[in-house]
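Enquirer: Dropping the structure in here first, questions after.
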Amino acid sequence: MSDAAEARVLIVEDEEALAAGVARGLTDDGFEVVVVHDGLSGLERARQDDIDVVVLDIMLPGMNGYKVCSTLRDEGIGTPILMLTAKDGEYDEAEALDTGADDFLSKPFSYVVLVARIRALLRRSADGRGQPLVIGDLKLDPLSRTCWRGETRVELTTREYELLEALMRRPGQVLDKQDLLDKVWGEDFEGDPNVVEVYIGYLRKKLDRPFGRNDIRTVRGVGYRIGAEDRG
Ligand code: CA
C-alpha cells in the first residue's frame, strides 16, 4: 500500500452518498481524502498543489466537470484527473479525454476498479514528477536538485532551489507572494514576507543577469512569473 501513503485524493461529486462512500473506502485504504460537492469548489481546491489526484464527476452544480478539467489544464495544472462519466448520456468518454482528463470511469463503477485506476494514475504521475523542468535554456532536475542555464551549472541554495521549482512548475502563471511564502517557507512562517523579493533577487543575480536574460518577471502588485505570459 506504499503508493497510497500520503497521497491526497480530491473527490468532486455532488451525489453526497456516493462521495461519502468512496471517501470512506479510500480513507480505509490509507489515502487522504478531500470531498467537495460542486464544480467551483472543485476547481478552487484542485488548484492547490497538495492534491495528487482528482476524481471528477461531470454533471455538477456551479461548473461542470469538463469545464473544471479544461480550466485546470489551461492554467498549466497537470494533476491527474479521473473523470466519472455516465453511460447513458450525451456526455461521453471521448469528450472527457478531450478536455484533458487522464482517465475515465463510467457510472456505476466498482470501488475496486476505482482504486486500481487511482493507483495507476498516482504511479504515472510519480514517474512524471522526476522529469526535468525546462523553460528555454533554463533547466531544473528535481531528482538531483540541480539547475542549469544552457551548459552552465548554477549552484542554488535550498530556498533558492525551492522558489525556482515553485515558479517553474507553473510556467507562465503569476504566483503571488503569499503563495510562494506558503510553498517555500511554509504556512507557519512568521518572518518578513519581503523575504520572497529578496530571494527573487538572488535568483535573478544567478540565473538571469549573468546570461543577459529576464525570465523571472515581477508582475506589479500581483507577484512573480517565470516564462512567457500564459494565454488568456
Ligand atoms: Ca453529478
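Rule-based calculations on the coordinates, nothing more; no lab input. As the structure is a computational prediction, the values presented were derived from the model and not from experiment. Because the Cβ atoms are built from the backbone with ideal geometry, glycine has one as well, and the counts that use them run over all protein chains shown.
Enquirer: Working from Cα positions, state the angle (0 to 90°, nearest 10) between the long axis of helix 158-168 and the longest principal axis of the chain.
Expert: For helix 158-168, the angle is close to 60 degrees.
Enquirer: Between Asp98 and Thr27, what is the FRET efficiency for a Förster distance of 30 Å, r being their Cβ-Cβ separation, to the nearest 0.05?
Expert: 0.40
Enquirer: Additional query: What is the distance, in nm, between label points placed 7 Å from the Cα along the Cα-to-Cβ direction at Tyr202 and at Phe189?
Expert: In this crude label model, Tyr202 to Phe189 measures out at 1.1 nm.
Enquirer: Can you tell me the orientation of helix 16-28 relative to the chain, as the angle in degrees between its alpha-carbon axis and the longest Cα principal axis, to the nearest 10?
Expert: The two axes meet at around 60 degrees.
Enquirer: Summing Lys, Arg as +1 and Asp, Glu as -1, what charge do residues with Cβ under 13 Å from the Cβ of Thr157 carry, Thr157 excluded? List each step's numbers first, then the result.
Expert: Details: positive: Arg145, Arg159, Lys205, Lys206; negative: Glu155, Glu160, Glu162, Glu165.
Residues close to Thr157 contribute a combined charge of 0.
Enquirer: Kirkwood hydrodynamic radius, the range 96-175, all distinct C-alpha pairs: what's the number in Å?
Expert: About 15.3 Å, per the Kirkwood formula over Cα pairs.
Enquirer: Express in whole angstrom the spacing between the alpha-carbon centres of the range 12-35 and the range 161-200.
Expert: Cα centres, the range 12-35 to the range 161-200: 31 Å.
Enquirer: Kindly rank 22-35, 56-69 from highest to lowest mean number of other beta carbons found within 10 Å of each residue.
Expert: Peptide ranking by packing, descending: 56-69, 22-35.
Enquirer: Please give the contour-minus-distance gain from Asp74 to Ser110: 0.36 nm per residue of separation, less the Cα-Cα distance, rounded to one decimal in nm.
Expert: 9.9 nm
Enquirer: Further question on the same structure: For the range 8-126, what's the relative contact order in percent, using C-alpha pairs closer than 8 Å and at least 6 residues apart?
Expert: RCO, the range 8-126: 23 percent.
Enquirer: Same structure again: Could you rank the peptides 158-166, 44-52 by their average count of other C-beta atoms within 10 Å per residue, with the highest value first?
Expert: Those peptides, ordered most packed to least, come out 158-166, 44-52.
Enquirer: Further question on the same structure: State the number of lysine pairs found in the chain whose Cα atoms come within less than 28 Å, restricting to pairs 8 or more positions apart or on distinct chains.
Expert: 13
Enquirer: Could I ask something else about it? Relative contact order for the range 133-226 using alpha-carbon pairs under 8 Å, separation at least 6, rounded to a whole percent?
Expert: For the range 133-226, the relative contact order is 26 percent.
Enquirer: Another question about this same structure. Let me have the relative contact order for the chain, percent, based on Cα pairs under 8 Å that are six or more residues apart.
Expert: That works out to 13 percent.
Enquirer: I would also like to ask the following. Based on the alpha-carbon gyration tensor of the range 8-126, what equivalent-ellipsoid semi-axes (square roots of 5 times the eigenvalues) come out, in whole Å, largest first?
Expert: In descending order, the three semi-axes are 18, 16, 14 Å.
Enquirer: I've got another one for you. log10 I(q)/I(0), Debye, Cα-only the chain, no solvent, q = 0.08, 0.16, 0.17 Å⁻¹?
Expert: Here the Debye-derived log intensity ratios amount to -0.35, -1.13, -1.21.
Enquirer: Suppose R0 equals 41 Å. What FRET efficiency, 1/(1 + (r/R0)^6) with r the Cβ-Cβ distance, do Leu40 and Trp148 give to the nearest 0.05?
Expert: 0.55
Enquirer: For the range 61-69, take each phi angle, set θ = phi - 60°, evaluate the Karplus expression 6.51 cos²θ - 1.76 cosθ + 1.60, and give the result in whole Hz per residue in order, putting x for glycine and proline.
Expert: x, x, 8, 6, x, 4, 5, 4, 5
Enquirer: What Kirkwood Rh does the range 98-142 have if only Cα atoms enter the pairwise 1/r average? Answer in Å.
Expert: Taking the inverse mean of 1/r over all distinct Cα pairs, the range 98-142 comes out at 12.9 Å.
Enquirer: In addition: Would you mind computing the Rg to Rh ratio of the range 133-226 from its alpha-carbon coordinates, Kirkwood style for Rh?
Expert: Dividing the radius of gyration by the Kirkwood radius yields 0.94.
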